[in-house]
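Structure, as structure tokens:
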């Protein structure tokens, strides 16, 4: 029977200097999967910034393991001590946890689901890997649908965007004024733009003061991150702009240290001011919320892993069940053939009734043995049961 | 039968009110149970009103107490339009305790039983009471939206670390929903009052205190609309004005109907 093998390393086991040397791009992942799948095996490579993992389905587990380790060691020999090896149920559970974002640096992050999907698409997959990857994607989606693990922001920029949504609702068509252009403010602006907002002005605090004052009454969000030594936007300037806004709300995000925006702006009616400390506290709280949700997500993933285990274990007995059913069908048809002289006198509907009754007898007789064999397979007695059935019904003799 | 229907309605509304409090402490199951409490309680109260209508000969909500029961039903009906959405659960924290309290008062005044055949039976009056109550229900909902706005705005100003833990409608959404609700309710009140005045003139009756208070309510809500649509009012100021308008609604509903209905 095909077994599942996982060889890989992740942020839990290897620092970034090591991980980056075994990272695979799209083409490399596809080529490596194809190479590992030679000889009737199946393989898929999951490579992200946090992990490189090789999933192989093979009959010869030891050889598959050796080949996978060799493949990663050929990229970077030093990675070998940082590799983990998991089999069957444990490997599947790991993949399900990865897809659910439970093994990520930020619990519940959403990007990993797409990366698992890509690994599946680029892999050389068959029955086993198809099943385990599909179920992993299902588990990932289920966790995100049934828990709040992925809903809260996990970065300062995402928190700023979430706060903007709390103020404005939809951000479609909202305009942003960027004061300075630091990395974090760019990320925040990108986050807002991905929700439909538009950048109306990127301004340098020192040279474009007049333009800032001109633009301020029209924009909805101000993101500040200049290197200025003092306050760039005073409360009086904002208050003046507010008078021309006719009650429209203004969200101001100050990502600079020292702060660019006068703290008194927060006191103005219709103004919502957040500084970097406030945003970081919000992110810290939402991350702890994600960790609380992770317990519920673990339970969902465990159920999916158990389902996979049951299915995988049933593969032990599926050939025996198929042979048994084929044998029974063969006997039924042979007996009907023998009775052809008698059945020939029956009309079409009577013949169909005889066919149906005999098929029903066969099905009912085989139902319980089939169920019991599948149950035994889950309890690890599947091979024994399959052998017994083969022996009792002479299935191997037929095949010979 | 009316008795049998009153208690489930009250208990389910009560369960919803308690559930919404529970949802504030720990969002999730309590909020869902509360929403079902509102739905099932509303069904029970609908059946109660249907029984009253079927039993009585004439307009069955002709006393201040029975009209209060109808008012509760209208408020809960209006709340159900949004209240079942997760983000609007907090609105139930304002609406449902109010519904429970008013239903208990209606019961104490004998407004939830049967056998109160009314001398008010002409169509004009039915339209008058129905429209005024529907408008008041809308104002109540607008006040609840405004209260939620003020609460959420304070949170956004204070910016606690837990600000994103609870799903609450955006400020802009609350503001615009309150405006839309009032924009629907003011014409209803205008029409309802006009119908009442026609009857007043036709019968040669005099103005009473409730009519004066209702007129004041109408003025405040018209001012709300005017200031918002023309004066550029929005946000906190408008929300406080809505709450002031609601105080008049409470005065009209609770303090003065005894004189008007008498």
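The values are calculated or read from the model by the stated rules, or taken from the named source; none is laboratory data. This one's a predicted model, so the numbers in the text were calculated from it and none came from an experiment. For neighbour counting, all protein chains shown are included, and Cβ atoms are generated from backbone atoms with ideal geometry for every residue, glycine included.
Against the test of being more than 14 Å from chain B (Cβ to nearest Cβ) and assigned to a loop (DSSP other than H, G, I, E, B), the options A:365, A:346 yield a single qualifying residue, A:346. Can you say whether residue A:322 is more than 11 Å from every other protein chain (Cβ to nearest Cβ) and over 23 Å from the mean Cα position of the chain (by Cα), as far as the supplied structure shows? Against the criterion (more than 11 Å from every other protein chain (Cβ to nearest Cβ) and over 23 Å from the mean Cα position of the chain (by Cα)), residue A:322 qualifies.
The number of residues in segment B:106-126 being part of a helix (DSSP H, G or I), at pLDDT below 85 and in contact with a helix residue (DSSP H, G or I) (Cβ under 7 Å, 6 or more places away or on another chain) comes to 2.
Quick grid of which residues meet (1) away from chain A (no Cβ under 13 Å); (2) free of Cβ contacts under 8 Å to residues at least 40 places away in the same chain; (3) within 17 Å of the chain's Cα centre (by Cα); (4) in a helix (DSSP H, G or I):
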{"position": "B:138", "(1), (2), (3), (4)": "yes, no, yes, yes"}
{"position": "B:153", "(1), (2), (3), (4)": "no, no, no, yes"}
{"position": "B:173", "(1), (2), (3), (4)": "no, yes, no, yes"}
{"position": "B:212", "(1), (2), (3), (4)": "yes, yes, no, yes"}
{"position": "B:218", "(1), (2), (3), (4)": "yes, yes, yes, yes"}
{"position": "B:239", "(1), (2), (3), (4)": "no, no, yes, yes"}
{"position": "B:244", "(1), (2), (3), (4)": "yes, yes, yes, yes"}
{"position": "B:251", "(1), (2), (3), (4)": "yes, yes, yes, yes"}
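Output yes when any residue across segment A:299-318 is at the interface with chain B (Cβ under 10 Å from one of its Cβ atoms) and either outside any helix (DSSP H, G or I) or free of Cβ contacts under 8 Å to residues at least 60 places away in the same chain (or both), and no when none is. Within segment A:299-318, not a single residue is at the interface with chain B (Cβ under 10 Å from one of its Cβ atoms) and either outside any helix (DSSP H, G or I) or free of Cβ contacts under 8 Å to residues at least 60 places away in the same chain (or both).
Can you tell me how many residues in segment A:202-212 are surrounded by fewer than 18 Cβ atoms within 10 Å (Cβ to Cβ), touching a strand residue (DSSP E or B) at 6+ places or on another chain (Cβ under 9 Å) and either part of a helix (DSSP H, G or I) or at pLDDT 85 or above (or both)?
Adding up the residues that qualify gives 3.
Can you name every residue in segment A:234-280 that is touching a residue at least 60 places away in the same chain (Cβ under 8 Å) and either at the interface with chain B (Cβ under 10 Å from one of its Cβ atoms) or not in a loop (DSSP other than H, G, I, E, B) (or both)? Quick ask: steps written out before the conclusion?
Narrowing segment A:234-280 to residues touching a residue at least 60 places away in the same chain (Cβ under 8 Å): A:249, A:251, A:253, A:255-256, A:260, A:272, A:274, A:276, A:279-280.
Passing the criteria: A:249, A:251, A:253, A:272, A:274, A:276, A:279, A:280.
Going through (1) touching a residue at least 60 places away in the same chain (Cβ under 8 Å); (2) buried (at least 17 other Cβ atoms within 10 Å of the Cβ) one by one, residue B:12 falls short only on (1). Of the residues in segment A:132-141, at least one is over 30 Å from residue A:255 (Cα atoms) and in contact with a strand residue (DSSP E or B) (Cβ under 9 Å, 6 or more places away or on another chain). The residue that is farthest from the other protein chains (Cβ to nearest Cβ), among those in segment A:220-233 that are crowded, with 23+ Cβ neighbours inside 10 Å and farther than 13 Å from residue A:180 by Cβ, is A:221.
All of (1) in contact with a helix residue (DSSP H, G or I) (Cβ under 7 Å, 6 or more places away or on another chain); (2) more than 15 Å from residue A:275 (Cα to Cα); (3) not in a helix (DSSP H, G or I) hold for residue A:223 with one exception: (2). Of the numbered criteria (1) at pLDDT 90 or above; (2) under 17 Å from residue A:160 (Cα atoms), the one residue B:136 fails is (2).
Just checking, does segment B:177-198 include any residue being buried (at least 21 other Cβ atoms within 10 Å of the Cβ), within 11 Å of another protein chain (Cβ to nearest Cβ) and touching a residue at least 24 places away in the same chain (Cβ under 8 Å)? Checking segment B:177-198: at least one residue is buried (at least 21 other Cβ atoms within 10 Å of the Cβ), within 11 Å of another protein chain (Cβ to nearest Cβ) and touching a residue at least 24 places away in the same chain (Cβ under 8 Å).
Yes/no per residue for (1) buried (at least 17 other Cβ atoms within 10 Å of the Cβ); (2) at pLDDT 80 or above; (3) assigned to a helix (DSSP H, G or I); (4) out of contact with any helix residue (DSSP H, G or I) (no Cβ under 7 Å at 6 or more places or on another chain):
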residue	(1), (2), (3), (4)
B:7	no, yes, yes, yes
B:24	no, no, yes, no
B:34	yes, yes, yes, no
B:50	no, yes, yes, yes
B:58	no, no, no, yes
B:68	yes, yes, yes, no
B:78	yes, yes, yes, no
B:94	yes, yes, yes, no
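Taking segment A:193-208 as the region of interest, how many residues are closer than 14 Å to residue A:225 by Cβ and in contact with a helix residue (DSSP H, G or I) (Cβ under 7 Å, 6 or more places away or on another chain)? Summing the residues that are closer than 14 Å to residue A:225 by Cβ and in contact with a helix residue (DSSP H, G or I) (Cβ under 7 Å, 6 or more places away or on another chain) in segment A:193-208 gives 2.
Counting only helices (runs of 4 or more DSSP H) that fall entirely inside segment A:86-188 and contain at least 1 residues that are surrounded by fewer than 19 Cβ atoms within 10 Å (Cβ to Cβ) and away from every other protein chain (no Cβ under 14 Å), the qualifying elements are A:88-99, A:111-122, A:127-146.
Suppose the filter is surrounded by fewer than 16 Cβ atoms within 10 Å (Cβ to Cβ), within 19 Å of residue B:46 (Cα to Cα), more than 14 Å from chain A (Cβ to nearest Cβ) and modelled with pLDDT under 90; does residue B:83 pass it? No; evaluated as a whole, the condition is false for this residue.
Scanning segment B:156-168 for residues that are facing chain A (nearest Cβ under 9 Å) and part of a helix (DSSP H, G or I) gives B:156, B:157.
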